[in-house]
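Undergrad: This is the structure, below, for whatever I ask next.
Laboratory data are not the source of any read-out in this text; all were calculated from the coordinates shown. The structure displayed is predicted, hence computed values, not measured ones. Note that we place each Cβ from the backbone using ideal geometry, even for glycine, and neighbour counts take in every protein chain shown.
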Amino acid sequence: MTDASLPTNWFSRLAHPGAFLSWSRGWVLPASLLTIMLFAVGLWYALFNSPADYQMGETVRIMYIHVPNAWLSQMVYGLMAVSAIGSLVWRHPMADVSMKAAAPLGAAFTGLALFTGSLWGRPTWGTYWEWDGRMTSTLVLFLMYLGLVALWRTFEGQSRGTRIIAVFTLVGSLNIPIIKFSVDWWNTLHQPASVLRAGGPRMPGEILTPLLVMMLAFTVLFFTLHLVAMRTEILRHRANNLERRHVSARGASAARVKS
Amino acid sequence: MIDFGPHAVFIIWSYLGTALVVALLIGWTAYGARTQKKRLADLQKRGISRRSASPSNSGDR
């Protein structure tokens, strides 16, 4: 076996933490710049270059930040669920890192979805909150994210904990289709699907454009943060391992001196 | 000033709140990355490095 040589096969480059660290370094700056550009264009459209809605007026502009956050809250959980499968089935080292890095980010975006949705609901429906299917299941999702973040902190550095967290993540993923289809299954204030639906989106172009640009901006933002957070997690593992080895080596040499 | 209609305060607070949380997320992520890099650099200064790290490959990049 060659020493210290990084794997060349593309899948191994993805899986090996050292290889990941090496190739991902060059992506951080371009991803950050792309995020900034997308937000600049998206905000220009959202705030200055799109019309008011004929029914809800200017408050439609809240949709341009609420929907991306709601989309991210579900997409990030989906990513964590896929990572959980990778962790449980293949013991993929990067799968654990991906799950852990995504959890606090997903929690933040879900919190923002609830916050912006609430501020949109007050002028549109007359209420900040309603215990309907969509809002309740999204609140449950937020609490799940917080629970997973707490679990990661509890099991810091224990590989057994990773398996438990992966199982919890997968069980919780049952909530995602509930959120998505709640607006079809149950009576709700929340409007039904208007973008990701059979038959395509049913919004006019001037409203759809800022929405899609902002969705892309938030998505690229998440992947940029996720990339940096995964790199940080690998570095944290390395530092922990080095400290642990150093402490045990000192302990062993002290024991030799004593005897 | 742009006219955001009679419910402008909701629009403004949505955008401000989102901007604040996103800024905190970015700051926290960047701070975490810097902290771990610094930790590894300190360990290397103390002569504690990875078995696979050669002098030219500092192992923390």
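Undergrad: Arrange the following residues from fewest to most other Cβ atoms within 10 Å of their Cβ: A:E58, A:E130. Display every interim value, and only then the final one.
TA: Working: A:E58 20, A:E130 16.
Listing A:E58, A:E130 from fewest to most nearby Cβ atoms yields A:E130, A:E58.
Undergrad: Using only Cα atoms, locate the centre of region B:1-44 and the centre of region A:110-189, then give the distance between them in Å, rounded to an integer.
TA: Here the two parts' Cα centres lie 21 Å apart.
Undergrad: Rounded, prolate or oblate: which one fits region A:1-139, using the alpha carbon gyration tensor with axes a ≥ b ≥ c (rounded when a/c is under 1.5, else prolate when a/b beats b/c, else oblate)? Before the final figure, lay out each step's value.
TA: Numbers: a/c = 4.41, a/b = 1.91, b/c = 2.31.
Here region A:1-139 falls in the oblate category.
Undergrad: What does the charge count around A:P123 come to, taking other residues whose C-beta lies under 13 Å from its C-beta (Lys +1, Arg +1, Asp -1, Glu -1)?
TA: So the environment of A:P123 carries a net charge of 0.
Undergrad: Rounded to the nearest 0.05, what FRET efficiency do A:W27 and A:L143 have when you use their Cβ-Cβ distance and R0 = 25 Å? If you can, show how the numbers build up before the last one.
TA: Numbers: r = 33 Å, r/R0 = 1.30.
Efficiency at R0 = 25 Å is approximately 0.15.
Undergrad: Related question: Just rank B:S14, A:S173, fewest to most, by other beta-carbon atoms within 10 angstrom.
TA: Fewest to most other Cβ atoms nearby, the residues stand as A:S173, B:S14.
Undergrad: What helices does chain A have that are whole DSSP H segments, at least 24 Å long along their own axis by Cα, and with mean Kyte-Doolittle hydropathy of 0.0 or more?
TA: A:17-43, A:60-90, A:93-125, A:133-154, A:205-258
Undergrad: Counting helices only, and only those DSSP H runs with n ≥ 4, report the 222 nm mean residue ellipticity of the protein assembly as shown as the sum of -39,500 (n - 2.57) divided by its residues, in deg cm²/dmol to the nearest 500.
TA: Here the helix-only value at 222 nm equals -26500 deg cm²/dmol.
Undergrad: How large is log10 I(q)/I(0) at q = 0.16, 0.21, 0.26 Å⁻¹ when the Debye formula is applied to the Cα atoms of region A:203-253, each weighted equally and without solvent?
TA: Reported log10 I(q)/I(0), two decimals: -0.64, -0.77, -0.89.
Undergrad: Under a crude label model (7 Å from the Cα following the beta-carbon direction), how far is B:W28 from A:F48 in nanometres?
TA: Placing both labels 7 Å along Cα→Cβ, they lie 3.1 nm apart.
Undergrad: Then there's this: Taking the Cα centre of region A:56-183 as origin, work out the dipole magnitude from +1 charges on Lys and Arg Cβ and -1 charges on Asp and Glu Cβ, in debye rounded to 20.
TA: Around 260 debye, computed over region A:56-183.
Undergrad: Between region A:221-235 and region A:80-99, what is the C-alpha centre distance in whole Å?
TA: Centre-to-centre (Cα) distance: 15 Å.
Undergrad: Based on the Kirkwood radius over alpha-carbon pairs, what is the Stokes-Einstein translational diffusion coefficient of the protein assembly as shown at 20 °C with 1.002 mPa s viscosity, in µm²/s?
TA: 98
Undergrad: On to the next question. Please turn the phi angles of region B:2-18 into ³J(HN,Hα) values with the Karplus equation 6.51 cos²θ - 1.76 cosθ + 1.60 (θ = phi - 60°), one per residue in order, whole Hz, x for glycine and proline.
TA: Karplus values, whole Hz, x for Gly and Pro: 5, 8, 9, x, x, 10, 4, 4, 5, 5, 5, 5, 4, 5, 5, x, 4.
Undergrad: Let's test the formula: R0 of 56 Å, r as the Cβ-Cβ distance of A:V247 and A:Q55. What FRET efficiency results, to the nearest 0.05?
TA: 0.30
Undergrad: Using +1 at the C-beta of Lys and Arg and -1 at the C-beta of Asp and Glu, which of A:G117, A:L170, A:Y128 has the Cα lying farthest in the positive direction of the dipole of region A:78-181?
TA: Final value for the positive-end residue is A:L170.
Undergrad: Does a label point 7 Å from the Cα of A:M37, set along Cα-to-beta-carbon, have any residues of region A:52-79 with amide nitrogen under 18 Å, and which are they?
TA: The answer is none.
Undergrad: Among residues other than A:Y145 whose Cβ falls under 15 Å from its Cβ, what is the net charge (Lys/Arg +1, Asp/Glu -1)?
TA: Local charge sum for A:Y145: +2.
Undergrad: Moving to a separate point now. If you add up the charges near A:I179, with Lys and Arg at +1 and Asp and Glu at -1, over every other residue whose beta carbon is less than 12 angstrom from its beta carbon, what do you get?
TA: With Lys, Arg at +1 and Asp, Glu at -1, the net is 0.
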